[in-house]
Amino acid sequence: GLKKWVEVGNSGVFRPEMLLPMGLPENVSVIAWGLSLERPTMIKYGINNIRELVGHRVNLQMVYDSPMCRLDV
C-alpha cells in the first residue's frame, strides 16, 4: 500500500564500545538480526516516529484501546 520498498528485516554489527560493558574482549565481533516488527506496526497505525512506539514517548492510551493488546488476561 505504500508504493515503495520497506525494510522489515534488519541486521548489523555491534560496535566494540557497546560490548565492553558486557565483559566481552575488544577483539570479539558480534552480529545481530531480527524481524523488525516495529516498521509494519508503524505503517498499520500511522506512526511516523519510532520513538512514539517504543520508549518513554509511547501513547499508553493507544495501547489500552488497541484490539491487539490484551491487558485483561
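Observations
- Scanning segment 1-20 for residues that are among the small types (Gly, Ala, Ser) and farther than 24 Å from GLU52 by Cα turns up nothing.
- Contacts under 8 angstrom Cβ, first residue in segment 1-24 being modelled with pLDDT of 85 or more, partner assigned to a strand (DSSP E or B), 6 or more apart: GLY12/ILE31; GLY12/ALA32; GLY12/TRP33; VAL13/ILE31; VAL13/ALA32; PHE14/ILE31; PHE14/ALA32
The values are calculated or read from the model by the stated rules, or taken from the named source; none is laboratory data. As the structure is a prediction and not an experimental result, all values here were calculated from the model. Here Cβ is always computed from backbone atoms with ideal geometry, including for glycine, and neighbour counts include all displayed protein chains.
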